[in-house]
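The values are calculated or read from the model by the stated rules, or taken from the named source; none is laboratory data. Source: prediction; values computed, not measured. Methodologically, a virtual Cβ is constructed for each residue, glycine included, from the backbone with ideal geometry; neighbour enumeration extends over all protein chains shown.
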Amino acid sequence: KAGVTQTPRYLIKTRGQQVTLSCSPISGHRSVSWYQQTPGQGLQFLFEYFSETQRNKGNFPGRFSGRQFSNSRSEMNVSTLELGDSALYLCATASGGPNTEAFFGQGTRLTVV
Amino acid sequence: GNSVTQMEGPVTLSEEAFLTINCTYTATGYPSLFWYVQYPGEGLQLLLKATKADDKGSNKGFEATYRKETTSFHLEKGSVQVSDSAVYFCASRTGDTGRRALTFGSGTRLQVQP
């Protein structure tokens, strides 16, 4: 069974640009969550999508957005990049039940210069 | 709101030493509890979980028991190996549909020396 696939693995962008990251879940998983990992703030929840609907949202500015497609693949977008957006962005997928475990991808390392 | 507190690292041990990484949580309701491990350059891997009080999660020699009375979920291993060197994250999650995000601790780096 293939794992969670995130693309690209590494990305370098300039301040002010926008970026789109992709996450392909494990087959059958309908819940996709995104997390930001930085040395200073640790792991912080961005948002969760389930069946193409945003179900939960963390405390991030509106520059951070996401969507989910009918095949459960998800994208997140960050507009008007700031230096502080440099981070490892992790995607986690689950089947969606209340006690199901989340499986993480390897992440996308975004560097903003 | 929910929060998870882990002991500060790094924790440095010799091979075959006993490991304890402390984790306590605050949450509304009765959360599920998890330990994840992150190796350098990788995402997070689920190590073990417990979904209700007194449950013991175990995997690869690691164990943690869900203690509701002390709101704790300490990670233990009887004999660590060099290959266990990684960052360990304690996490909680409630079952409420509107609050299903994982809340993570700050992570504890474990270094095991030969």
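Of the residues that make up the range A:48-59, is at least one at negative phi, surrounded by 14 or more Cβ atoms within 10 Å (Cβ to Cβ) and at pLDDT 95 or above? Scanning the range A:48-59, I find no residue that is at negative phi, surrounded by 14 or more Cβ atoms within 10 Å (Cβ to Cβ) and at pLDDT 95 or above, so the answer is no.
Among the residues of the range B:13-27, at least one is aliphatic (A, V, I, L, M) and outside any strand (DSSP E or B).
Of the strands (runs of 3 or more DSSP E) lying entirely inside the range A:1-76, the ones with 2 or more residues being more than 14 Å from chain B (Cβ to nearest Cβ) are found at A:10-13, A:19-24, A:64-68. Answer yes or no as to whether residue B:63 is at negative phi, among the acidic types (Asp, Glu) and free of Cβ contacts under 8 Å to residues at least 24 places away in the same chain. Answer is yes for this residue. Here residue A:18 meets each of (1) exposed (fewer than 13 other Cβ atoms within 10 Å of the Cβ); (2) in contact with a helix residue (DSSP H, G or I) (Cβ under 7 Å, 6 or more places away or on another chain); (3) not β-branched (Val, Ile, Thr) with one exception, condition (2). Would a scan of the range B:88-97 turn up a residue that is modelled with pLDDT of 95 or more, more than 11 Å from the chain's Cα centre (by Cα) and not small (Gly, Ala, Ser)? No; the residues of the range B:88-97 include none that is modelled with pLDDT of 95 or more, more than 11 Å from the chain's Cα centre (by Cα) and not small (Gly, Ala, Ser).
Filter the range B:35-44 for residues that are assigned to a strand (DSSP E or B) and at the interface with another protein chain (Cβ under 7 Å from one of its Cβ atoms) and give the result. Before the answer, list the steps.
At the first step, the residues of the range B:35-44 found to be assigned to a strand (DSSP E or B) are B:35-38, B:44.
Residue satisfying the conditions is B:44 alone.
Within the range B:53-66, the presence of a residue that is out of contact with any strand residue (DSSP E or B) (no Cβ under 8 Å at 6 or more places or on another chain) and in a loop (DSSP other than H, G, I, E, B) is excluded.
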